[in-house]
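This report refers to the structure that appears directly beneath it.
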Amino acid sequence: MYREENPWLEWGKAIFVAIIIVFIIRTFLFTSYEVRGESMLPTAHDGERFIVNKVGYDFLSPKRFDMIVFHANEQDDYIKRVIGLPGEEIMYKDDTLFVNGKPVEEPFLEERKNEFSRTYTNDFMYQGVIPENHVFVLGDNRPNSTDSRRIGPVNQDQIVGKVDLRFWPITEAGIMR
């Protein structure tokens, strides 16, 4: 004997399953993040939205120049770029990044540096080596960024994930490098 299903019950089941799937994905795999402020100009602008990969660093370590989101404190998450890795010595001199005494190019800053009339990244040196399980992060807008120069190296346990994809504004959507 065939019993007709209630269409509202079927829709309710489908919606419930979809909500569970979205919850699992957002909790364990990916999340979205909206940029607040200008510390990552010109790479990321205030109000832009990104997809953050939450599982990548469960299996791999952050790499130099990865853009990451991390818990800066109990209320705020920041988006910054990884500049230094555990065990490295970091220094800026004459607007050049030095890692373990060797110059390292930052191609993502070239255009911005050329527009700037003075030193873009002021000279500084992190005292000692970056501790194990920590990374040194800087905003791309070096003159206007609260980053590891002020807050110190970021514990990898505080990292939410790697910024993989810009999805808003739609005209700027794409994979982040």
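Any read-out appearing in this document is the output of simple, stated calculations on the displayed coordinates, not a laboratory observation. None of the values given here were measured: they were computed from a predicted structure. FYI the Cβ positions are ideal-geometry reconstructions off the backbone, even for glycines, and counts take in every protein chain you see.
Got at least one residue in the range 145-165 being loosely packed, with under 14 Cβ neighbours inside 10 Å and touching a Gly at 6+ places or on another chain (Cβ under 9 Å)?
no
Can you tell me how many residues in the range 47-79 are of a type outside the set (Phe, Trp, Tyr), outside any strand (DSSP E or B) and farther than 15 Å from His134 by Cα?
The qualifying residues number 9.
Being farther than 17 Å from Asn155 by Cβ, without any contact (Cβ under 8 Å) to a residue 12 or more places away in the chain and among the basic types (Lys, Arg) is the requirement here; does Lys102 meet it?
When the stated conditions are applied, Lys102 passes them.
Do any residues in the range 82-94 that are touching a residue at least 60 places away in the same chain (Cβ under 8 Å) and under 16 Å from Pro62 (Cα atoms) have Cβ atoms under 9 Å from those of residues that are assigned to a strand (DSSP E or B) and not aliphatic (A, V, I, L, M), where the two are at least six apart or on different chains, and which pairs are they?
Cβ pairs passing all conditions: Ile83/Phe136; Gly84/His134; Gly84/Phe136.
Just give me the residues in the range 133-177 being among the basic types (Lys, Arg) and either under 22 Å from Val55 (Cβ atoms) or free of Cβ contacts under 8 Å to residues at least 12 places away in the same chain (or both), in sequence order.
Within the range 133-177, Arg150, Lys162, Arg166, Arg177 meet the criteria.
Pull up the range 32-46, narrow it to residues that are in contact (Cβ under 8 Å) with a residue 60 or more places away in the chain and assigned to a loop (DSSP other than H, G, I, E, B), then point me to the one that is surrounded by the fewest Cβ atoms within 10 Å (Cβ to Cβ).
If we take residues in the range 32-46 being in contact (Cβ under 8 Å) with a residue 60 or more places away in the chain and assigned to a loop (DSSP other than H, G, I, E, B), then Pro42 is surrounded by the fewest Cβ atoms within 10 Å (Cβ to Cβ).
Of a type in the set (Phe, Trp, Tyr), within 16 Å of Val154 (Cα to Cα) and surrounded by 12 or more Cβ atoms within 10 Å (Cβ to Cβ): does that describe Tyr92?
no
Of all residues in the range 66-79, count the ones that are over 10 Å from Val160 (Cα atoms), in contact (Cβ under 8 Å) with a residue 60 or more places away in the chain and either surrounded by fewer than 16 Cβ atoms within 10 Å (Cβ to Cβ) or in contact with a Lys or Arg (Cβ under 7 Å, 6 or more places away or on another chain) (or both).
Counting residues in the range 66-79 that are over 10 Å from Val160 (Cα atoms), in contact (Cβ under 8 Å) with a residue 60 or more places away in the chain and either surrounded by fewer than 16 Cβ atoms within 10 Å (Cβ to Cβ) or in contact with a Lys or Arg (Cβ under 7 Å, 6 or more places away or on another chain) (or both) gives 2.
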